[in-house]
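Novice: Here it is, the structure in full.
The values are calculated or read from the model by the stated rules, or taken from the named source; none is laboratory data. Since we're looking at a predicted model, the values are computed, not measured. When we count neighbours, we look across all protein chains shown, and the Cβ atoms used for this are built from the backbone with ideal geometry, even at glycine. Side chains included, ligands, DNA and RNA excluded: accessible areas come from the protein's heavy atoms. Shrake-Rupley method; radii C 1.70, N 1.55, O 1.52, S 1.80 Å.
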Amino acid sequence: MLKVLFSAKPAAWDEYETPLTRAFEAAGLQVDLARDHAPSDVDYIVFAPNGPVTDFTPCVKTKAVMSLWAGVETVVGNHTLTQPLARMVDHGLTRGMVEWVVGHTMRHHLGMDTHILGQDGVWRLDYPPLAEARPVTILGLGALGEACGQALNTLGFPVTGWSRNPKDVSGIKCLHGEAGLTEALTGAQVVILLLPSTPATENTLNADRLALLAKGAFIINPGRGPLIDDDALLAALDNDQIGHATLDVFRVEPLPTDHPYWAHPKVTVTPHIASTTRPDTAAQIIAQNIKRGEDGLPFLHLVDRNAGY
Ligand code: NDP
């Protein structure tokens, strides 16, 4: 019987207990799932950074830690965590992000605000261009960036993606490295940030790089707050280099009420809701990954501790 410790915020237990129990059974695993196992007895930990476990030193039997979150920046530097750490790659999380990104891209592409907010009796014949005339760049071509890029390409957008390593993704022009970043940003009309937060990605969108974009470009950030130099973005919004920024993530969350983003007429703030891990599908991923470990197979979606994601 495997002992699996569930360490997330208390409300998450109500959402996950039944899906995890069912998924373990479906995977043929005999599991004692609980929130109060002694750390020294635990085989696996289902983990969120807002749960009770912060020191992994006593977890001497633990074979792997399964994160419920895709972003691991708050745990990757924990020196007590010596066990393998798997991040969350979940069908529900991915499809939710695709829907959010496509929705906000289409809002800007079609100029919906003009018609929804501007009900002022003016008959405006301002046709939007076709998607094929609107170059979109996605920074980060991982589980989420790739799926969003392919969905946007299916709608007709020419999509360029940027990653750390060379990639080959159908429907996306893939670039990497510093020169690749300059090429990816030059002339882009929509930029979507789906990079992880690491020392290497901080301020990826700075003043110099914002200046490469097409005048009036749209920024959509569901990645992480530190990816953007906030002062540079505010300046670029004020001088019309950037037309609008839709921001879901921030350096400080919740975004402080006096932050200039709240009141800025060209900024949309959403409260870190672009997507979330869905218990039914995520439970299956965790169960399958634990099954792999028990069968002697390598775990999927392992975090590269040196790269930070
Ligand atoms: P992945 O780890 O699958 O993908 C990360 C991508 O970023 C990869 O393509 C990677 O390159 C690239 N990358 C990382 N570092 C660099 C770098 N220094 N230079 C260039 N490219 C880099 O992550 P996911 O797609 O699953 O998630 C992305 C992020 O989305 C998460 O880290 C999280 O911060 C955020 N997120 C936000 C949510 C929200 O609700 N707002 C919900 C879920 C996630 P390579 O392919 O070469 O490794």
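Novice: Quote the accessible area belonging to Asp231 in square angstrom, nearest 10, computed with a 1.4 Å probe and with ligands, DNA and RNA left uncounted.
Specialist: Probe radius 1.4 Å; accessible area of Asp231 about 120 Å².
Novice: Express in nm, to one decimal, how much length is gained between Asn239 and Thr18 on full extension, taking 0.36 nm for each residue of separation and deducting their alpha carbon distance. Kindly include the intermediate steps, with their values, before the conclusion.
Specialist: Details: separation 221, 0.36 × 221 = 79.56 nm, distance 5.22 nm.
The span from Asn239 to Thr18 would gain 74.3 nm if fully extended.
Novice: While we're here: Between Pro260, Gln150, Gly177, whose Cα lies farthest towards the positive end of the dipole of the range 92-269 when Lys and Arg beta carbons carry +1 and Asp and Glu beta carbons carry -1, centred on the Cα centre?
Specialist: My answer, from the dipole projection, is Gln150.
Novice: Using square roots of five times the C-alpha gyration tensor eigenvalues, list the equivalent-ellipsoid semi-axes of the range 92-269 in whole Å, biggest first.
Specialist: After scaling each eigenvalue by five and taking roots: 24, 21, 16 Å.
Novice: Estimate the FRET efficiency between Glu253 and Met112 by the formula 1/(1 + (r/R0)^6), using the beta-carbon distance for r and 41 Å for R0, to the nearest 0.05.
Specialist: For R0 = 41 Å, the calculated efficiency reads 0.95.
Novice: So in the chain, what percent of DSSP beta bridges are antiparallel if you round to the nearest 5?
Specialist: 5
Novice: Through the Karplus equation 6.51 cos²θ - 1.76 cosθ + 1.60, θ set to phi - 60°, convert the phi angles of the range 182-195 into ³J(HN,Hα) values in whole Hz; use x for Gly and Pro.
Specialist: 4, 5, 5, 8, 4, x, 5, 9, 9, 10, 10, 9, 10, 8
Novice: Are there trypsin sites (Lys or Arg not before Pro) in the range 1-103 that DSSP marks as loop and that have at most 16 other Cβ atoms within 10 Å, and which are they?
Specialist: Arg35, Lys61, Lys63
Novice: Moving on to the next point. Beyond 20 Å, what share of the Cα-Cα pairs of the range 234-309 is found? Please give it as a whole percent. Before the final figure, lay out each step's value.
Specialist: On the way: 1673 of 2850 pairs.
Tail of the P(r) past 20 Å holds 59 percent of the pairs.
Novice: Report the dimensions of the range 7-145 along its three principal axes from the alpha-carbon atoms, largest first, rounded to Å.
Specialist: Ordered largest first, the range 7-145 gives principal extents of 69, 31, 28 Å.
Novice: Keeping all protein chains in position, work out how much accessible area Thr270 exposes to a 1.4 Å probe, and write it in Å² to the nearest 10.
Specialist: About 20 Å², rounded to the nearest 10.
Novice: Using protein chains only and a probe of 1.4 angstrom, how many square angstrom of Trp13 are accessible, to the nearest 10?
Specialist: Its heavy atoms expose roughly 30 Å² to the probe.
Novice: Can you pull out the trypsin sites (Lys or Arg not before Pro) in the range 245-309 whose DSSP state is coil and whose Cβ has at most 10 other Cβ atoms within 10 Å?
Specialist: Counting only loop positions with at most 10 other Cβ atoms within 10 Å, none of the trypsin sites (Lys or Arg not before Pro) in the range 245-309 qualifies.
Novice: How far apart, in nm, are the 7 Å Cα→Cβ label points at Leu155 and Glu99?
Specialist: So the label points at Leu155 and Glu99 sit 1.4 nm apart.
Novice: I'd like the FRET efficiency for Thr57 and Asn165, computed as 1/(1 + (r/R0)^6) with the beta carbon distance as r and R0 of 25 Å, rounded to 0.05.
Specialist: After rounding, the FRET efficiency stands at 0.15.
Novice: Let me ask another. Given the -39500 (n - 2.57) contribution per DSSP H run of 4+ residues, what per-residue ellipticity at 222 nm results for the chain, rounded to the nearest 500 deg cm²/dmol?
Specialist: The helix contribution divided over the chain gives -9500 deg cm²/dmol.
Novice: Let me ask something additional. Check which residues have an amide H placed less than 5 Å from Gly161's amide H, if you skip close sequence neighbours.
Specialist: Ile138, Lys173, Cys174, Leu175
Novice: While we're looking at this one, here's another question. Can you pull the one-decimal nm distance between simple spin-label points at Asp32 and Thr182, each 7 Å off the Cα toward Cβ?
Specialist: About 6.1 nm separates the two model spin labels.
Novice: What full-extension length gain, to one decimal in nm, is calculated for Asn203 and Asn50 as 0.36 nm per residue of separation minus the Cα-Cα distance?
Specialist: Separation in residues times 0.36 nm, less the Cα-Cα distance, equals 52.5 nm.
Novice: In the range 80-197, with Lys and Arg counted as +1 and Asp and Glu as -1 at Cβ, which of these residues, Leu139, Thr105, His91, has the Cα nearest the positive end of the dipole, that is, farthest along it?
Specialist: Positive-most Cα among the choices belongs to His91.
Novice: Taking a probe of 1.4 Å, how large is the accessible area per residue of the range 92-269, in Å²?
Specialist: Using a 1.4 Å probe on heavy atoms only, each residue of the range 92-269 averages 47 Å².
Novice: Relative to the longest principal axis of the chain, what angle (0 to 90°, nearest 10) does the C-alpha long axis of helix 279-294 take?
Specialist: 50
Novice: On the accessible surface of the chain, probed at 1.4 Å, how many percent belong to carbon and sulfur atoms?
Specialist: Here it works out to 55 percent.
Novice: Right, another one. When every alpha-carbon pair in the chain is counted, what percent end up more than 35 Å apart?
Specialist: Value for the chain (Cα pairs over 35 Å): 27 percent.
Novice: Let me ask you something else. If you place +1 on the Cβ of every Lys and Arg, -1 on the Cβ of every Asp and Glu, and leave all else neutral, what size is the dipole of the chain about its Cα centre, to the nearest 20 Debye?
Specialist: On the way: 23 positive and 34 negative charges, 101 e Å.
About 480 debye.
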